[in-house]
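This report refers to the structure that appears directly beneath it.
Nothing in this text is a laboratory measurement; each read-out follows from the coordinates by a stated rule. Source: prediction; values computed, not measured. We place every Cβ from the backbone using ideal geometry, glycine too, and count neighbours over all the protein chains shown.
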Amino acid sequence: MRRYAILTEGQLLDRRAKTAHGVIQYGRDEIAAVIDAEYAGKDVRDVLPRLQRSAPIVATLAQALAYKPTSL
């Protein structure tokens, strides 16, 4: 199973992040972290409750690496 770090920098709430939204909501693999400085410190479920999945939001790739992703 893969563990994704997903980069949405500044567009997490934007329609242009629809691929990220789909991976978060429907993907079978684990989401290690979402990289978006605008929402850092929050959880995906707090920012986009409709996605019904929990994952930490961090500001940088270095911070995301602490969650041990296997794919970006």
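Okay, here's what the table says:
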quantity	calculated
10 Å-binned pair-distance histogram of the chain (Cα, whole percent)	23, 62, 15
Sum of -39500 (n - 2.57) over DSSP H runs of 4+, divided by residues of the chain (222 nm, nearest 500)	-5500 deg cm²/dmol
Calculated FRET value between R15 and Y67, using beta carbons and R₀ = 25 Å, to 0.05	0.45
Qualifying trypsin sites (Lys or Arg not before Pro) in the stretch 1-40, DSSP loop, other Cβ atoms within 10 Å at most 10	R28
Magnitude of the charge dipole, the chain, Cβ model with Lys/Arg +1 and Asp/Glu -1, debye to 20	280
